[in-house]
Amino acid sequence: MEGCMLRGLKTKGYRAYNWLLHLLYATPPRYRAGLFANFIGLQILRTLVFEFGYRLRKIAFRRTNITSEALEHDGISVFEDFLSHEQMKELEFEATQFLDNSTVTTDARPLTLTCNLHLIAKNGYRLVSKTFSREFFEKSGLYDIVECFLKKRVRIPPRVYFIKQQYHTKDLGLPQQDYQDEPHFDIPFRSVKAILYIGDTDDSNGAFNYARGSNRFTLQRLLGEYLHSIMSSKNKKTHRNPLQGLKLSRFRAESLGSVPGKKNTLIIFDARGVHRRGDFKTDHPRETIFIDFRDTDSWMNSIMAAPIMPRQLKKFGR
Ligand SMILES: [Fe+2]
């Protein structure tokens, strides 16, 4: 009896702990609430609050760099030969090891193998390759770019995944089942994601597509957000991203440019801009490392972050 009670308490405590963590790590979604709230302008209010918050942070956080300025302007920046030859070899070796322990998702188009590298690092397993920790998890150059672009400190490491995606020959020409091949934006505020091509990637095996400049905050975009929130709340049951019914010009996304790249090309982009995963015209795999800084939008990142004062920045030579 006593044992049962203790087990019950433990379960409740564990649930409460999980709930608290979930709350602290939660990030704002693309839109909130139902049709009525969005009809009276909830999304306009949300978008304005996010933009106002960014402009306030910009007053205190003045550090900037070339890549963050390119992100500001185009929403995307591309680095060829991001890692050294040795680093890339090391990383390829480890990526192969990870693939053996990867999880197969249910999506058959494309067939997807995923490995969450951040969980491996978090659980204390040592990564053989120092490249992962040095370039993605510790205070890498990427952190500086993200901090300068978001105008805030990155206190939570990014989520990093090794992903291999592939189409069966019989499925070529069919749409992708996770709808990632449809033009969409992830959220109504600035947030950074990056893709490192592990193999040569072009229009035949799902090269990333992005509409340059579609990340910018404009009045047309605000109206687009409003219309999009109404359409999304009407179609709540589907996971589709219904940009199709809207004028893409409102999002400056009339044409999405393909971003092909050789192995070792890194693409950094603002997920507020319109993008999509390209089509698979062959059965060649698309192998990438996906780096997501989305957790910087959570309460946890704010709680952990000390306020940045210009004097402190000077002290650290920034
Ligand atoms: Fe996306």
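Take the alpha carbon gyration tensor of the stretch 151-237, find the square roots of its eigenvalues, order them as a ≥ b ≥ c, and report rounded if a/c is under 1.5; if not, report prolate when a/b exceeds b/c, else oblate.
Because a/c hits 1.5 or more and a/b fails to exceed b/c, the stretch 151-237 counts as oblate.
Once amide H atoms are built 1.01 Å from N in the peptide plane, which residues 5 or more positions from residue 274, or in another chain, come under 5 Å H to H?
211, 214, 215
Determine which residues of the stretch 190-222 fall in the zone a paramagnetic label at residue 64 would reach in this model, i.e. backbone nitrogen under 20 Å from the point 7 Å along Cα→Cβ.
190-192, 213-218
What are the ³J(HN,Hα) couplings of the stretch 165-182, residue after residue, when phi is run through the Karplus curve with 6.51, -1.76, 1.60 and θ = phi - 60°? Round to Hz, x for glycine and proline.
After applying 6.51 cos²θ - 1.76 cosθ + 1.60, I find 10, 7, 9, 5, 4, 5, 9, 4, x, 8, x, 7, 6, 9, 6, 6, 8, 8 Hz.
What Kirkwood Rh does the stretch 35-315 have if only Cα atoms enter the pairwise 1/r average? Answer in Å.
Every distinct Cα pair counted, the radius reaches 20.0 Å.
Each value in this text was obtained by applying a stated rule to the coordinates, not by laboratory testing. Note that this is a predicted model, so its numbers are computed, not measured. Counting neighbours? That spans all protein chains shown, and the Cβs are built from the backbone with ideal geometry, glycine included.
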